[in-house]
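Below: one structure, written as C-alpha cells.
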C-alpha cells in the first residue's frame, strides 16, 4: 500500500480524476443537486488504502447508486449537479474537517489501514486537494445563481444500506431536514401519497447536524434545502436509478412550486 509523499508532493497526479464532477452546468432549473458520496475513486498515490476490492465495492466506500440517480435527476429537472468522485474513505466531504469521521480509521467494522497514523501534512493534503475544491465548486454554482437573483433549492443526494447492525431498514426513501421545512414538508407529503415507505428524518436525522454540506451550503446561507436518502438495493442498477430519478423529479418540482422556491428575488 502507498500513501502520500510525506515530503509534500501533490496527492493527486496524472490519471486521477478531478476533485469534483459537474453535470449539466447550464441547466436552467431552480434546483442545485449535490452528491457527496457519488464515487469510490482513490488517488493512485494511496494505493487501495490497504483494502481489498470487495470492501471498496461496499457501502463503506461510497453511496451505491446515488451517482447514477443524481445524473439522471439533473437531466429530468434541467438542474446543475456537483458530484464528488472520491471515496469517503479518503476524506468525507460531508464531515467537518477535524471530525473523527472525516478521515475514518474504520467503517462498519472494517479497519482502514491507509488512514492510520497520518501526520498533519497528509491530512492537509487530502483536505486541500479533494475536500476544499469540491465545496468551492458547490459554492461557486450557488453564488452564480444568486448573482442572477435566483435563490435555488439545494438538494443533497445520498443512499443508505438496507441492513445496518442487524436491523432491516423498512424505508424506501428518507427525507432529512432540520429547521427549514419549506421543501421537506411538501415533499414528505407527496412521497407518502404515492404509497412509498418514507422516513421522516430516517434512517438518519438531519437535526443532529452531524453532517456538513447541507448546513454550510443551505441552512447557513438561508437557502431552502433537503437531504434525500434512497435505499441502495432500489438503485444499484441503471434501470433502478433511472426509475427513481424519474419518479422523484415530478415530486420535487411540484414541492418547490408549492413552496415558491426558486422565484426571482427582489433587488
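The figures follow:
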read-out	value
Exclusive hit being touching a strand residue (DSSP E or B) at 6+ places or on another chain (Cβ under 9 Å), closer than 17 Å to residue 33 by Cβ and at pLDDT below 95, set 252, 261, 155	261
Options 28, 9: the member that is part of a loop (DSSP other than H, G, I, E, B), within 19 Å of residue 245 (Cβ to Cβ) and at pLDDT below 95	28
Where a residue in segment 238-255 is closer than 13 Å to residue 71 by Cα and its partner, wherever it lies, is at pLDDT below 95 and crowded, with 16+ Cβ neighbours inside 10 Å, with Cβ under 6 Å and at least six apart	none
Residues (in contact (Cβ under 8 Å) with a residue 24 or more places away in the chain, at negative phi, assigned to a loop (DSSP other than H, G, I, E, B) and surrounded by fewer than 20 Cβ atoms within 10 Å (Cβ to Cβ)) located in segment 40-57	42, 48
In segment 212-224, the residues that are under 15 Å from the mean Cα position of the chain (by Cα) and closer than 15 Å to residue 184 by Cβ	214, 215, 218
Hey, residue 191 buried (at least 23 other Cβ atoms within 10 Å of the Cβ), more than 21 Å from residue 83 (Cβ to Cβ) and in contact with a strand residue (DSSP E or B) (Cβ under 6 Å, 6 or more places away or on another chain) or not	yes
So residue 69, is it in contact (Cβ under 8 Å) with a residue 24 or more places away in the chain, surrounded by 15 or more Cβ atoms within 10 Å (Cβ to Cβ), in a loop (DSSP other than H, G, I, E, B) and in contact with a helix residue (DSSP H, G or I) (Cβ under 8 Å, 6 or more places away or on another chain)	no
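The values are calculated or read from the model by the stated rules, or taken from the named source; none is laboratory data. None of these values were measured; they are calculated from a predicted model. Using ideal geometry, Cβ is built from the backbone for each residue, glycine included, and neighbour counts are taken over all protein chains shown.
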